[in-house]
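Where a number appears in this text, it was derived from the coordinates with a stated rule and is not lab data. Because the structure is predicted, anything quoted here is derived from the model rather than measured. In this analysis, Cβ positions are derived from the backbone assuming ideal geometry, glycine residues included, and neighbour counts consider all displayed protein chains.
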Amino acid sequence: MQTFYLEMVNRGEPKLSLYQVPAALNDPKRQVPPQRVATVGGWQLRVAQNAIAAALRRSNRNAGMLRTRTTSKASIMEEDGVRLGLVLRGLKDLKDVSKAQELVSGVRDMSREEAYYWFARVQNGSPSRGVRALRVLLAGVK
């Protein structure tokens with residue numbers, strides 16, 4: 001089981017990062033460093049705000065961390081981390097707000113299996129090709 005957590009940093013402009021902490025394979029004493037999945041800020045953060053707040057609520061966390069002026073962290077459930085990973089990776093460097101909203105709603109409507117498949121495509125192998133394919137599928141971005 002993978003562990004995900006969100007980190008909100010507000011130094012002038014708020015930025016949100018999603019981290020994945022891989023499970024230690026065979027040695028429970030072995031510390032595996034977290035891997036940053038994506039970081040967003042600005043209008044991309046505002047587009048993803050409802051998806052982030054929903055993930056925090058499902059993980060019994062306070063969605064108020066999105067409005068904080070300090071650095072804060074919150075762990076989230078694996079499935080929500082996978083979905084937010086898709087949303088944040090898909091939004092990064094996207095320039096059209098309407099396409100961004102289509103992408104967020106498309107990820108929300110995905111089945112669990114489909115979300116895990118796309119997360120594997122976006123994280124492993126050739127991530128840029130996976131992100132591009134996801135954007136074409138959900139938002140029609142060429």
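Quick notes on this one:
- Rg to Rh quotient for the chain, alpha carbon positions, Kirkwood Rh: 0.96
- Restricting segment 49-142 to chymotrypsin sites (Phe, Trp or Tyr not before Pro) in coil, as DSSP defines it, with at most 11 other Cβ within 10 Å: none
- Size of charge dipole - segment 3-139 - debye, nearest 20, with Cβ of Lys, Arg +1 and Asp, Glu -1, no other charges: 360
- The Kirkwood radius of segment 68-142, taken over pairs of alpha-carbon atoms, gives through the Stokes-Einstein law at 37 °C and 0.692 mPa s a diffusion coefficient of 256 µm² s⁻¹.
- Straight-line cross-link partners of Lys142 among the lysines, defined as a Cα under 18 Å from its Cα and at least 8 positions apart when in the same chain: Lys92, Lys95, Lys99.
- DSSP-loop trypsin sites (Lys or Arg not before Pro) across segment 1-96, with at most 16 other Cβ within 10 angstrom: Lys29, Arg30, Arg69, Lys92, Lys95
- Lysines whose Cα lies under 19 Å from that of Lys73, excluding same-chain neighbours fewer than 8 positions away: Lys15
- Of the residues Thr68, Val136, Gln44, the one whose Cα sits farthest towards the positive end of the charge dipole of segment 3-139 is Thr68 (charges of +1 on Lys and Arg Cβ, -1 on Asp and Glu Cβ, taken about the Cα centre).
- Helix-only mean residue ellipticity at 222 nm for the chain, each DSSP H run of n ≥ 4 adding -39500 (n - 2.57), per residue, nearest 500: -15000 deg cm²/dmol
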